[in-house]
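Below is one structure, written out as structure tokens; comments come after it.
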Amino acid sequence: MVYTFSKRQRCRGGGCLKKDHSPRKTPTIRDVAQAAGVSLKTVSRVINGDKGVSAETRKRVLAAIEALGYRPNALARSLRGRKTYTIGVVITDITNGFFSTVVRGIEDEAFARNYSVLVANSDELLEKEKLYVRIFVEKQVDGLIIVPATGSQAYLKDLASHIPLVFVDRPPRGFDGPVVQVENRAGAYRLTRHLLEHGFERLAFLASDLRLPTAQERFAGFRQALDEEGIRLCAEMVKDGAKTIHEAYRKTHELLALPLRPRAIFAANNLVVQGVLKAIRERNLRIPQDVAVVGFDDFEMADLVQPRLTVVAQPAYALGKEAAVLLFSRMTCPSFAGETVVLPVEIVLRGSCGCGGEAALGCF
């Protein structure tokens with residue numbers, strides 16, 4: 001399609017373009033520059049996500065790109081700049097809503113910079129992580145974002161001098177790399193304090209894998225709150241290995257079968273809490289009258305189950321976005337050492353601990 005300007009439409013914005021139906025070749029970067037009233041170099045800088053372009057000019061160029069249907073030639077760009085304009089992302093499980101939201105944050109930031117994203121699942125297996133890292137390197141990705149699996153990431157030390165790396169959700173082990181994570185310990189501490197302040201003292205903690213730094217930090221925050229009140233935590237009140245909803249369900253039944261069952265259960269992630277809820281309902285127990293439930297990590301159904309679930313809400317999308325921003329900073333400036341970015345969490349009080357919604361008597 002040919003895009004022309006009418007007299008009334010002859011302006012410098014891409015939104016002023018008009019179609020006609022005569023055949024034409026595929027739009028080029030020169031067409032975009034002409035439509036937006038800028039230089040070829042400016043268009044190139046917008047396409048590559050470079051800084052130094054005003055917001056108004058960037059908006060005009062992007063409008064022209066959209067109106068013309070221009071698509072950058074990725075192969076030509078990679079040959080000129082020795083870039084593939086792709087980044088690799090290794091997460092643990094895309095079917096987990098938390099990680100799919102993290103990936104969405106990464107993808108949106110990458111798309112804004114005209115990069116593509118390749119995603120692989122490690123299933124928390126170090127060997128799968130290593131395999132996909134090798135595959136992505138062979139595909140010559142320009143950078144890697146990794147949710148490190150259980151084990152040591154020391155194997156990445158040599159690779160780090162050749163390709164930018166950023167870790168998300170949890171820090172690596174055996175390797176000092178930039179990481180974007182949330183305040184796991186502080187969030188768990190605050191939520192446990194909330195339970196204690198409202199009369200819950202017999203608390204249980206249910207984790208997916210206490211070898212993971214995130215689970216360790218959450219458990220540390222949980223323990224800190226109990227220790228401050230002089231409350232002894234019995235070993236039977238701590239369950240580990242709930243890596244799936246079914247395992248969390250099974251281990252919750254173990255907790256509820258104790259002669260003195262917990263008054264409240266702290267579920268360490270969104271999958272664990274779903275197994276907890278299933279087991280409690282199967283035993284025809286009431287939440288929170290018989291047993292209260294709180295979780296670390298919000299999820300779509302948390303606001304729909306009855307009673308609505310009290311959680312520590314993580315900014316999953318922002319985690320992904322910040323990880324991508326950090327990666328692109330390292331890609332643009334190889335000498336940029338990176339940093340640890342810690343994002344805040346939010347305590348969302350609902351009815352599952354008797355402190356939210358219609359059950360908010362005595363709660364803050």
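The values are calculated or read from the model by the stated rules, or taken from the named source; none is laboratory data. Here the structure is a predicted model, which means the values were calculated and not measured. Neighbour counts are summed over all protein chains in view; Cβ atoms, including those assigned to glycine, are modelled from backbone coordinates with ideal geometry. SASA here: full protein model, heavy atoms, side chains in, ligands and nucleic acids out. Shrake-Rupley method; radii C 1.70, N 1.55, O 1.52, S 1.80 Å.
Can you tell which of TYR132, TYR85 is closer than 30 Å to ALA242 by Cα and surrounded by fewer than 22 Cβ atoms within 10 Å (Cβ to Cβ)? Walk me through how you get there before you give the answer.
Values: TYR85 fails: closer than 30 Å to ALA242 by Cα.
Result: TYR132 is the single residue among TYR132, TYR85 that is closer than 30 Å to ALA242 by Cα and surrounded by fewer than 22 Cβ atoms within 10 Å (Cβ to Cβ).
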Requested in this report: Give me the pairs, please: first residue somewhere in segment 50-67 and open to solvent by 80 Å² or more (accessible area, probe 1.4 Å), second residue anywhere and not polar (S, T, N, Q), beta-carbon distance under 8 Å, and either six or more positions apart or on two chains.
Outcome: LEU62/GLY14; LEU62/VAL46; GLU66/GLY14
Report task. Can you run down the residue pairs with Cβ atoms below 9 Å, 6 or more apart or on separate chains, where the first is in segment 190-218 and without any contact (Cβ under 8 Å) to a residue 24 or more places away in the chain and the partner is open to solvent by less than 60 Å² (accessible area, probe 1.4 Å) and not aromatic (Phe, Trp, Tyr)? Result -> GLY199/GLY354; GLN216/ASN184; GLN216/ALA207; GLN216/LEU210
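For segment 257-293, which positions are of a type in the set (Lys, Arg) and touching a His at 6+ places or on another chain (Cβ under 8 Å)? Write out each step before concluding.
Looking only at segment 257-293, we keep the residues that are of a type in the set (Lys, Arg), and these are 261, 263, 278, 281, 283, 286.
ARG283, the sole residue that qualifies.
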Query raised in the report: Listed residues PRO172, PRO178; which is surrounded by 16 or more Cβ atoms within 10 Å (Cβ to Cβ), closer than 27 Å to VAL119 by Cα and out of contact with any Gly (no Cβ under 7 Å at 6 or more places or on another chain)?
Result: PRO172
Query raised in the report: When you go through (1) in contact (Cβ under 8 Å) with a residue 40 or more places away in the chain; (2) more than 19 Å from GLY88 (Cβ to Cβ); (3) not charged (D, E, K, R) one by one for VAL179, which number turns out not to apply?
Result: (2)
Query raised in the report: In segment 106-129, which residues are open to solvent by less than 60 Å² (accessible area, probe 1.4 Å), of a type in the set (S, T, N, Q) and within 19 Å of the chain's Cα centre (by Cα)?
Result: ASN121, SER122
Query raised in the report: Restricting attention to segment 194-212, which residues are at pLDDT 95 or above and either assigned to a helix (DSSP H, G or I) or in contact with a Leu (Cβ under 6 Å, 6 or more places away or on another chain) (or both)?
Result: ALA204
Query - 3 or more residues within 28 Å of ASP50 (Cβ to Cβ), modelled with pLDDT of 95 or more and of a type outside the set (D, E, K, R): qualifying strands (runs of 3 or more DSSP E) within segment 87-188 - result: 116-121, 144-146, 165-168
Query raised in the report: Would a scan of segment 302-324 turn up a residue that is in a helix (DSSP H, G or I), at pLDDT below 95 and open to solvent by 20 Å² or more (accessible area, probe 1.4 Å)?
Result: yes
Report task. Name every residue in segment 241-250 that is modelled with pLDDT of 95 or more and under 23 Å from ARG185 (Cα atoms), in order of residue number. Result -> ALA248
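Return a yes/no flag: does segment 228-237 have any residue that is part of a helix (DSSP H, G or I) and more than 24 Å from GLY199 (Cα to Cα).
First, the residues of segment 228-237 that are part of a helix (DSSP H, G or I): 228, 235-237.
From what's left, more than 24 Å from GLY199 (Cα to Cα): none.
No, segment 228-237 contains no residue that is part of a helix (DSSP H, G or I) and more than 24 Å from GLY199 (Cα to Cα).
Tell me, which residue of segment 195-248 that is open to solvent by less than 20 Å² (accessible area, probe 1.4 Å) and of a type in the set (D, E, K, R) is nearest to GLN289 (Cα to Cα)? Lay out the reasoning, then the answer.
First, the residues of segment 195-248 that are open to solvent by less than 20 Å² (accessible area, probe 1.4 Å): 195, 200, 203-209, 212, 214-215, 218, 221-222, 225-226, 237, 242, 248.
Now restrict to residues that are of a type in the set (D, E, K, R): 209, 218.
Working: ASP209: 29, ARG218: 25 Å.
Only one residue tops the list, namely ARG218.
Only one of these is under 26 Å from VAL117 (Cβ atoms), surrounded by fewer than 23 Cβ atoms within 10 Å (Cβ to Cβ), free of Cβ contacts under 8 Å to residues at least 60 places away in the same chain and of a type outside the set (Gly, Ala, Ser): LYS157, LYS251. Name it. Working first, answer last.
Values: LYS251 fails: under 26 Å from VAL117 (Cβ atoms).
After ruling out the rest, the residue left standing is LYS157.
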Query raised in the report: Which residue pairs have Cβ atoms closer than 8 Å, lie 6 or more positions apart in sequence or on different chains, and pair a first residue in segment 288-300 that is part of a helix (DSSP H, G or I) with a second residue that is surrounded by fewer than 22 Cβ atoms within 10 Å (Cβ to Cβ) and modelled with pLDDT of 85 or more?
Result: GLU300/GLY97
